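Participant: Sending over a structure as structure tokens; questions will come in a sec.
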């Protein structure tokens, strides 16, 4: 059943935009064609890789939406020598004037290298492309770019070509970025082979962080190096700035990569806070690759790219490395290109379990780096029962013979792979509000006042965002009955009748919050507006990937039978049940509540919904239960799980808001609670919670829809929350959530008008596809009390959510 309200004013379609390029693609297709293996014409690293990718991009009609650059300024030897020795550069350059037999003899002295007289020009063009794109991104001339070039580069070190690579394209891009002014650069290497060349070039540098996820098998997989293991972490001032996450068996897939992303990559990258993210994009880590033999999907790969875009300043350069199933690589490129262009990634669905070898590898890497990165110290306290090895347990047993990388069955290279017939949507949001009825719910001196909506509307009027005022006062019996039915699916009939009677009977003691003659209408209109925000996103053929319901009074404290904390009807709980009615029978809804107060009412209202269909996640101020809604811990135990119950006599001993509490015995798995205690939390704690708890929970649960109880009383300056979270941190949370499912945010608290307006602006901007970076400052230190809360929460929920690192 759809409530089916319409805009009070005719909806005006956005004006047709002029051509804007979100992504620039650099391609050296002409030069690439001259670089080939003359001994084995069927070699997997061939120009056919570029042709397959380009053909797939044309099929998807992506090329017409891209700025394509094919000519770049020529480079000189001084630029090449920034990352390569004179002998290295001269050796490659000399091939241009040699006979093929001489080139083959030169290449035979190297590891897995081939060339022709045209290869030097191809390699230089690849470098020129990457350098130019990096310079443009750092200079803010373009937002992001993809270097579709070959030969690849990440195996070439400072002294010699190696592994199909002549020059190191990613390293050259990093050098150009530094010259342009980038202070910190992270290179994330997703190729299935370790990029030992890139690692060696920056091994003693602290302004370039190298992070690699690669197949290792304890040194049994090429390049068969001990330095590809967890214990290689850099030297000198670069110690701690090399991070390896080696995969020790084949068949690692989306779950393993996401586990590494949330346990290692995102936390360290946030602490580093780069000005530019360079991705060495090897697509041989994808399923179906004849060399890689992993099971990462193209969609999973694109999710990694999406999350990396939310780091630091949000600037990204992707550089093509390996990938030898040409059709699968082409699909991987298309999926990543769509993410760069601002489209929502395809949904991943349910994940397999993380391999035990991946967990052990991550722990080894944490052990090696824990003294270098503050974000990793949350894993390393003995009081929480985690004992870490003092050295890596990784074995290194190099093979007795080389593993071949040249002869590959050609029928494995061209399997037809295309994305499912999903409707692709670019990020687009709409703000929905219910007009001025909320102004009738007003009392002098209260924090929850009409100016909260007015200041947000004023700020939104300065933005390029669609804002709709809904006609929520329909004189229509069917409409009124539908709305009433939706409300009474959550709240008791007696509760609704009491509220309705409040329009003629002002009784503050009865409702536990201020009440006026307009309270019932304002609360009912807030529900109707929230429902419309849901239908704006989830109705058939909707162009929106998200919406924001700008409503008051808020709702997340309202329970089935009573009001509390400025809340009368639970907007989000009603929306959640409505969403479940719109989704298929197996559809799932996730509620993320970042209001500084626990949404105890939402937990109460959804206790009859199976936990397999609806999950409530809250991170909130608790202060050991002394902060509203006043839950306190009793020294009761059920196994290893503490039970938390209220000691507030007015609340009748209800169970409450500790991290281990079981709020309702018949739905104890229906919520994940992360309480903060004792100290004022800020960006460091909230960003850590995103990586350590929220994203693992979200991907493990795999929702079809996400509702956000968006309370801005956690933002710095709020008189009730007294926390110091930045608007950019909340927008970063939204950026990560949008990768997983469509999002509907509903306003809850927020009582400093400036902080509220800034928070709403940041969140709405990100929901509409704006840059979701974390602003211009590095993450600070994490309070020890926060680390304890994170550890307790991880311990409590790790059995239910496989991606949580306990």
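Participant: I need the full set of residues from segment 93-104 which are surrounded by fewer than 16 Cβ atoms within 10 Å (Cβ to Cβ) and more than 15 Å from residue 160 (Cβ to Cβ), in order please.
Facilitator: 96, 97, 99, 100, 101, 102
Participant: On to the next question. Based on what the data block shows, is residue 151 touching a strand residue (DSSP E or B) at 6+ places or on another chain (Cβ under 9 Å), in a loop (DSSP other than H, G, I, E, B) and touching a residue at least 12 places away in the same chain (Cβ under 8 Å)? If you could, list the steps in order and put the result at the bottom.
Facilitator: Values: touching a strand residue (DSSP E or B) at 6+ places or on another chain (Cβ under 9 Å): yes; in a loop (DSSP other than H, G, I, E, B): yes; touching a residue at least 12 places away in the same chain (Cβ under 8 Å): yes.
When the stated conditions are applied, residue 151 passes them.
Participant: When segment 158-174 is examined, which residues are found to be over 14 Å from residue 318 (Cβ atoms), in contact with a helix residue (DSSP H, G or I) (Cβ under 9 Å, 6 or more places away or on another chain) and surrounded by 24 or more Cβ atoms within 10 Å (Cβ to Cβ)? Let's see the steps before the verdict.
Facilitator: Residues of segment 158-174 over 14 Å from residue 318 (Cβ atoms): 158-168, 171-172.
Retained after the next criterion (residues that are in contact with a helix residue (DSSP H, G or I) (Cβ under 9 Å, 6 or more places away or on another chain)): 158-163, 165-168, 171-172.
Passing the criteria: 161, 163, 165, 166, 167, 168, 171, 172.
Participant: Quick check: is even one residue across segment 45-53 surrounded by 13 or more Cβ atoms within 10 Å (Cβ to Cβ), in a loop (DSSP other than H, G, I, E, B) and touching a helix residue (DSSP H, G or I) at 6+ places or on another chain (Cβ under 9 Å)?
Facilitator: Initially, segment 45-53 is screened for residues surrounded by 13 or more Cβ atoms within 10 Å (Cβ to Cβ), giving 45-53.
Filter once more, so that each one left must be in a loop (DSSP other than H, G, I, E, B): 45-47.
With the extra rule that they be touching a helix residue (DSSP H, G or I) at 6+ places or on another chain (Cβ under 9 Å), the set shrinks to 46-47.
Yes - at least one qualifying residue is present in segment 45-53.
Participant: Starting from residues that are under 21 Å from the mean Cα position of the chain (by Cα) and touching a residue at least 12 places away in the same chain (Cβ under 8 Å), keep the ones in segment 779-799 and report whichever is farthest from residue 377 (Cα to Cα). Steps first, please.
Facilitator: Start the filter on segment 779-799 by keeping residues that are under 21 Å from the mean Cα position of the chain (by Cα), which leaves 779-780, 782, 790, 793-794, 797-798.
In the following step, the residues that additionally are touching a residue at least 12 places away in the same chain (Cβ under 8 Å) were identified as 779-780, 782, 790, 793-794, 797.
Numbers: 779: 14, 780: 13, 782: 9, 790: 12, 793: 16, 794: 14, 797: 20 Å.
So, considering only residues that are under 21 Å from the mean Cα position of the chain (by Cα) and touching a residue at least 12 places away in the same chain (Cβ under 8 Å), the one farthest from residue 377 (Cα to Cα) is 797.
Participant: Looking at 209, 225, which is the one that is crowded, with 24+ Cβ neighbours inside 10 Å and on the phi < 0 side of the Ramachandran plot?
Facilitator: On the way: 225 fails: crowded, with 24+ Cβ neighbours inside 10 Å.
Being crowded, with 24+ Cβ neighbours inside 10 Å and on the phi < 0 side of the Ramachandran plot holds for just one of 209, 225, which is 209.
Participant: Since residue 233 meets every condition but one in (1) surrounded by fewer than 24 Cβ atoms within 10 Å (Cβ to Cβ); (2) without any contact (Cβ under 8 Å) to a residue 60 or more places away in the chain; (3) touching a strand residue (DSSP E or B) at 6+ places or on another chain (Cβ under 8 Å); (4) farther than 26 Å from residue 124 by Cα, which condition does it not meet?
Facilitator: Every listed condition holds for residue 233 apart from (2).
Participant: From the list 284, 271, pick out the single residue that is outside any strand (DSSP E or B), at negative phi, surrounded by 23 or more Cβ atoms within 10 Å (Cβ to Cβ) and over 12 Å from the mean Cα position of the chain (by Cα).
Facilitator: Working: 271 fails: surrounded by 23 or more Cβ atoms within 10 Å (Cβ to Cβ).
Result of the check over 284, 271: 284.
Participant: For residue 518, only one of the following conditions fails: (1) in the same structural domain as residue 457 (by TED's automatic domain parsing); (2) over 26 Å from the mean Cα position of the chain (by Cα); (3) more than 27 Å from residue 674 (Cβ to Cβ); (4) touching a residue at least 40 places away in the same chain (Cβ under 8 Å). What is its number?
Facilitator: The failed condition is (1).
Participant: Within segment 698-727, which residues are touching a residue at least 40 places away in the same chain (Cβ under 8 Å) and touching a helix residue (DSSP H, G or I) at 6+ places or on another chain (Cβ under 6 Å)?
Facilitator: Of all residues in segment 698-727, those touching a residue at least 40 places away in the same chain (Cβ under 8 Å) come to 698-715, 718-726.
Hits for segment 698-727 are 699, 705, 706, 707, 709, 712, 715, 718, 725, 726.
The values are calculated or read from the model by the stated rules, or taken from the named source; none is laboratory data. Only a predicted model underlies this, so the values are computations on that prediction, with no experimental measurement involved. For neighbour counting, all protein chains shown are included, and Cβ atoms are generated from backbone atoms with ideal geometry for every residue, glycine included.
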